[in-house]
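Have a look at the structure below, then the notes.
The values are calculated or read from the model by the stated rules, or taken from the named source; none is laboratory data. Model, not experiment: these values are computed from the prediction. Ideal geometry is used to build each Cβ from the backbone, glycine not excepted, and the neighbour counts take in all protein chains shown. Ligands, DNA and RNA are excluded from the accessible area calculation, which covers all protein heavy atoms including side chains. Shrake-Rupley method; radii C 1.70, N 1.55, O 1.52, S 1.80 Å.
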Amino acid sequence: MAKIVGIDLGTANTLMCLKGKPGFMQCPSVVAISKTSREVVALGQKARNMLGKTPEGIVTIRPMQEGVIADPDATAKMLRIFFEEAGVISFFSRPSVIASIPYGVTEVSKRALEEALFEAGARSVALIDEPMAAALGTGIRVERARGSMIVDIGGGTTEVAVISLGGIATTKSLRTAGNRLDESIIKYLRITRGTLIGSTTAEDLKLKIGSAHPSFDVGDMEVCGRNLRNGLGSIIRVTSGEIREAMSENLEHIIRAINATLEQTPPELSSDIYDYGIVLTGGGALTRGIEKLIEDRMGLRVKVAKRPLESVCAGILRVIETEDEFGSLLKYRGR
């Protein structure tokens, strides 16, 4: 019997769920490929550990950039291995796949994702808008005649959406998200401390001591980098306050996007949001104090989903298991 698989193919992480099975498979969206044979050398956490450290014959790739496919071949190979490890592909059976995609992307981007899934072994593919999947995954009753705002801060994109009556009323998508926060940390330390660090170190700083609000500072951390004055390795101690300052401009972009979406929202739905608040999800929602920062700036109640990194995949699983209720959100394409 063909299996039904849900995929949240993100810029930073990929999550997969199976109908009838609890829990999610999760790993970084990174693949290491041999330059000569184009065969996969490593993927997931093992490939992430190789970022910036690979020898001449191997290239480490993030196949997804800003929520869409940047390298179709690497994406298909990565997905094929995920499917094989999950045991959903056999000689006689191929899975049906439901995958999330950022709202409002071009038809070209949608077709690229579908083709990558077919190349990976899918029998049929259906796409679901990421904000809708995230809302379902957080338990929002999307079918109600009530405005609900979801802010999904991923690795490559931030999706701000107001949902009512089973559809998206207003939305805004921006390319300021987790990866941009990492880049801002690298830039800040290069300018202020004369030290160059890699993307993996920047992400570790963000996760371990990063904060969006002063009341959530957690101390400092030592990191290794390259001194730009003499080219030698150096160790510096970085504080939570410095990371907050580094991320502040990009966090401001997210707040402006929330405000712009509210301005475009019909008055009746806006009043619901002022009554019930905003839900944050995605990996970026784990940034310490981000809900407090938005509350202070917007004057609205803000809460973080219980398991924000898994919200989109949880929403897809909800659709899979209650297709009679949410089947209208899907339109399968077969091959």
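Points worth noting:
- Count - residues of the range 75-106 that are on the phi < 0 side of the Ramachandran plot, open to solvent by 50 Å² or more (accessible area, probe 1.4 Å) and modelled with pLDDT under 90: 8
- Filter result for E242 (in contact with a helix residue (DSSP H, G or I) (Cβ under 9 Å, 6 or more places away or on another chain) and without any contact (Cβ under 8 Å) to a residue 40 or more places away in the chain): no
- Filtered residues of the range 245-265 (kept if open to solvent by 30 Å² or more (accessible area, probe 1.4 Å), touching a residue at least 40 places away in the same chain (Cβ under 8 Å) and among the polar types (S, T, N, Q)): Q264
- Hits in the range 199-215 (condition: of a type outside the set (D, E), out of contact with any Leu (no Cβ under 7 Å at 6 or more places or on another chain) and buried (at least 17 other Cβ atoms within 10 Å of the Cβ)): T201, A202, L205, I209, G210, S211
- Filter pass, R111 being free of Cβ contacts under 8 Å to residues at least 24 places away in the same chain, farther than 17 Å from G156 by Cβ and assigned to a helix (DSSP H, G or I): yes
- Only residues that are buried (at least 20 other Cβ atoms within 10 Å of the Cβ), in contact (Cβ under 8 Å) with a residue 40 or more places away in the chain and not small (G, A, S) were counted across the range 172-187, and they come to 6.
- Under the condition of being open to solvent by less than 20 Å² (accessible area, probe 1.4 Å) and of a type outside the set (D, E), the residues counted in the range 141-153 number 7.
- Cβ separations smaller than 7 Å between residues 6+ apart or across chains give the following pairs from the range 196-211 residues that are within 12 Å of R288 (Cβ to Cβ) to residues that are aliphatic (A, V, I, L, M) and part of a strand (DSSP E or B): K208/M221; I209/M221.
- Test: residue in the range 62-85 that is over 23 Å from G315 (Cα atoms), among the hydrophobic types (A, V, I, L, M, F, W, C) and in contact with a Ser or Thr (Cβ under 8 Å, 6 or more places away or on another chain): no
- For I185, the stated conditions do not hold, so it cannot be described as over 24 Å from the mean Cα position of the chain (by Cα) and β-branched (V, I, T).
- Residue list for the range 284-314, restricted to those being under 23 Å from P22 (Cβ atoms) and part of a helix (DSSP H, G or I): A285, L286, P308, L309, E310, S311, V312, C313, A314
- Selected residue (only one of G20, G6 is of a type in the set (G, A, S), closer than 17 Å to I316 by Cα and modelled with pLDDT of 90 or more): G6
- Neighbours by Cβ (under 6 Å, 6+ apart or cross-chain): first from the range 154-171, open to solvent by less than 20 Å² (accessible area, probe 1.4 Å); second at pLDDT 90 or above and basic (K, R): V160/K172
- Residues in the range 13-64 that are crowded, with 21+ Cβ neighbours inside 10 Å and in a helix (DSSP H, G or I): A47, R48.
- Boolean, E268 is in contact (Cβ under 8 Å) with a residue 40 or more places away in the chain, of a type outside the set (A, V, I, L, M, F, W, C), open to solvent by 20 Å² or more (accessible area, probe 1.4 Å) and assigned to a helix (DSSP H, G or I): yes
- None of L127, L117 is hydrophobic (A, V, I, L, M, F, W, C), farther than 23 Å from R180 by Cβ and part of a helix (DSSP H, G or I) except L117.
- Leading residue by the ranking (farthest from the chain's Cα centre (by Cα)) among those in the range 216-244 that are of a type in the set (G, A, S) and open to solvent by less than 60 Å² (accessible area, probe 1.4 Å): G231
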